[in-house]
1. Would you mind giving the average projected area, over all directions, of the Cα convex hull of region B:4-79 in nm² with one decimal?
2. Average partner chain C-beta neighbours within 10 Å, per residue of A:683-693?
3. Would you calculate the separation in nanometres between label points at A:Asp694 and B:Asp18, each defined as 7 Å from the Cα along the Cα-to-beta-carbon direction?
4. What residues from region B:12-43 fall in the zone where the backbone N is under 14 Å from a label point 7 Å along the Cα-to-C-beta line of A:Thr113?
5. Given the options B:Ala100, B:Ala28, B:Ala133, which has the most mean-square fluctuation in a GNM of chain B, springs set between C-alpha atoms less than 10 angstrom apart?
6. State the extension gain, in nm to one decimal, for the chain segment bounded by A:Ala377 and A:Lys627, taking 0.36 nm per residue of separation less the distance between their alpha-carbons.
7. Less than 14 Å apart at the alpha-carbon level, and either on another chain or at least 8 residues along: which aspartates and glutamates does that give for A:Lys669?
8. ³J(HN,Hα) across region A:330-335 via Karplus (A = 6.51, B = -1.76, C = 1.60, θ = phi - 60°), whole Hz, x for Gly/Pro?
Amino acid sequence: MPATVQTRDPRWVGQGIPRVDAEDKVRGRAQYVDDLLVPNGWHGHVVRAPVPHGLLRGLTPDPAFDWSRVVVVTAKDIPGPNCIVSHDRSMPVIASDEFLYAGEPVALIAAPTLRLAREAAEHLRIDFEERPAILTLHEVADQFKHNDPALVKLCGQTIRKGDAEAALARAHKVVEAEYTAGHQEQLYIEPQGLVAEPTGDGGVFIYGSMQCPYFIVHELCEALALPPEKIRVKQAAVGGAFGGKEEFPTWLAGYVALLALKAKRPVKIVYDRHQDILYTTKRHPVWSRYRTGLNRDGTIAAIAVDFLLDGGAYLTLSDVVMYRGILHAAMGYRCDHVFVNGLVARTNTVPSGAFRGFGAPQAIWGLESHVDAMAAAAGMTPHEFRLKNCLVQGDTTPTGQVLKWSVGSPAVLEKSLERCRFDEQWKKCSRGKPGAKSWYGIGVSFFAHGAAFTGDGEARIKARAAMDLDWLAPGRPGGIVRVSSTEMGQGALTVLSQLAADGLGLDLSRVSCPFPDTALVPNSGPTVASRTTMVVGSCVYGAAGKLKKALEQFAGKPIASGKEFDEIASAYLNKHGRLRVEHLFVLPPGTQWDQKTFRGDSYPGYSWGCNVAEVEVDPRTLGIRVKKITAFYDIGKVVNPVLAKGQIEGGLVQALGYSVMEKIGIDRKGRFDASRMQTYIIPTMQDIPEMDLDFVEFPFDHAPPGAKGVGELPMDGLAPAIANAIEAATGLRMRDLPITPEKLYEHSQKNLGR
Amino acid sequence: MSTVKRTWVVNGERWTVDLPPGRRLLDALRNDLGLKGTKEGCGEGECGACTVLLNGEPVTSCLIAAGQVPDGAEIMTVEGLEKTEGGRILQEAYIERGAAQCGFCIPGMIMSSFALLSKTRTPDDAEIREAHAGNICRCTGYEKIIEAVKLAANRWPEK
Ligand code: FES
Ligand code: FES
């Protein structure tokens, strides 16, 4: 059944080798965008809408200011249509007659110094007429609940299996609840930054901090009125991204490119932290409502979910975030009658965007909290209920997909429960016992994460990877990995090098994996959706195998050693020059997907995870301490166990922040209210719990050597595990993230009359 | 604009810089001395990416006015680590344990590790956490950094 059969024992795959870029990073030699010298470069600055919604009447330059020292760009300077071509064409690069969020660009300024650019901005008067604005998730959730026609829907999608309403009506018990979560800031430590330089041929060269070089090319070519090949994009070292550098860099690229083309010189914008928090995308706030039915025997009769995301001012990628959300909102459990109603609503805030997990954490937050409520209603413990109802191989998902291969369930669940002795610990939970010095609780969550793009996404983008046979150095031939996947800290360069080396059957020293440059690499798709190791990695592995075969054919004999490779490869290069081979990703045979009805194989495979959280709550202060996390994951074949663990640890700590620390709202002026690191609090080394993590391997045979996604998985399930543990500790069910002592206190006042 | 002249010992070398008013130590190091290893993550003393050692003490260089740093001060940045035995041990340990992911926090983080191990040969868990509490890392979850510091402590040179 596997597309390509892998026979040889892998050498590098499975080894926790150090990262290929580690040395540079610990010596301070890695070059991030702000470390690069930009000769003759100017600094760019963005002039922004002062209120969340308004009609733009004009921009009036102060005649007393010397405008000859700066370059100003407005919507009128955009050579093509004024839009960023994302999932629709609604978002302008620069607002022209209406703006929809506070901080939306209305003009751009470049000057020899940043100080002068900012000074010029103060001399540009923005004339506007303010319009009414909707600012929060709570407002749109209210509109939704009351069927208010004022609700602006950016998009919607449903999933239907069986007849959920009829099954709810017949059910032995019905359990209902609502769950919400606010924004989350990616807070990569390197702020956003890009440089654009005009090229001699009328094009533009853009480089800096980004996840998806080809997004910039394809999303801007209309506005810049340039053919794609005249927009060259290259990645610099990226100081963290987590989705935050997925779609946003296109906006920033638009700013620097327009300025550079008009100023006829390089222009750089590096945000300071305050700007970065105020004006870049965040995780979508979510409101979800679960209505579920139980049968007498403790099985699930029906799941009905309303899933509403706050998309901010423009659609951007929100449709796909919502798709991933609804595909995970009822996933993981056997149930014949499912209805999921997904919706993205507009608010007058910065467009919400990609953040590790991409809708799945928001969905799993509600689902896995609700599973505990169902377990209680069924008179079962949370772990018994999960073990009884979890999907296993051969079961059918809400979209009708039969789980045929690589199913790490119930393995991850069983192993986690056993490792932390859940059954024993569960009996020790305090449940808000009066007089106790400290309350203890344990909670579990269980989840799947669709690996790679949703539905036929992978088939549509036709991801390709190339391997070049070329000189790595004079006299030293080797394989160069050519993909558009970026290294943003997750270890892509290392993992892809390992896969390339194994594909070639050679030592790692004969492989190189440089940063992508659209002038040199094919489009292997964006660096998102935990698809790099699984999809692009498999293409690299395939391409490397083909490269080896081609050389063997050239030589008329097999290549058995590095020395032989050197001889044959050198002979080839001397005779024919560089050789490029490509490999295309193919979905498993028989994959079916209907994008309209959302029926069919929603993902080629799933990674699986289980999180157990143990918490202590101080009955006096209601301070919450997450003491320990036990977790098992099935990410298929683990290519590099050290890097994979690093992904899990880092992701879990981000999820810890999401669960109990990271709080950011919208103030009355429509701006984020925690816009500095002093106010947006994320975990430090002093906040981290003990972590007991492990893998079970259920390789994905359709993408040799069998990896599935890892990056997003650790973000998915911790919040509900912690909420479940907090209920076990305090007796209080918290349904809004982040869970803070203040919220616990408010809730306890209502519930316990304390 | 009137500048002040300062002479410091940076990573063991004498440097004289002309500082315009308001120049931050971070900018003096990055722009005047060309030592781009030290990073700016917030400019407000919160993230620790800009941590350097000033006379052996870790400081956030984004909060320090360069003109206030007196003549003769000893400054050590990430670029200076490899000139010391302890620094090389730390770098090796960070690499071995996979302590760097995106790497942006590391130039500051590793200076805090160096300051800690220079004073405390065998730090316990609480001391390690305390010493790095001012260094935010968004990638690693800190686990592997703690492991690296422990490994380096084991290998730290006898005085
Ligand atoms: S840049 Fe100095 S502490 Fe963040
Ligand atoms: S390694 Fe990325 S912030 Fe620490």
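1. 4.2
2. Averaged over the peptide's residues, the number is 5.
3. 6.6
4. Backbone N within reach: B:19-24.
5. The residue with the greatest mean-square fluctuation here is B:Ala133.
6. In short, 87.2 nm is gained.
7. Partners within reach: A:Glu104, A:Glu130.
8. 9, 7, x, 10, 6, 6
The values are calculated or read from the model by the stated rules, or taken from the named source; none is laboratory data. Every value quoted in this text rests on a predicted model; they were computed, and no experiment measured them. Every residue, glycine as well, gets a Cβ built from its backbone with ideal geometry; the counts of neighbours run over all protein chains shown. Side chains are part of the model used for accessible areas, which takes the heavy atoms of the whole protein and leaves out ligands, DNA and RNA. Shrake-Rupley method; radii C 1.70, N 1.55, O 1.52, S 1.80 Å.
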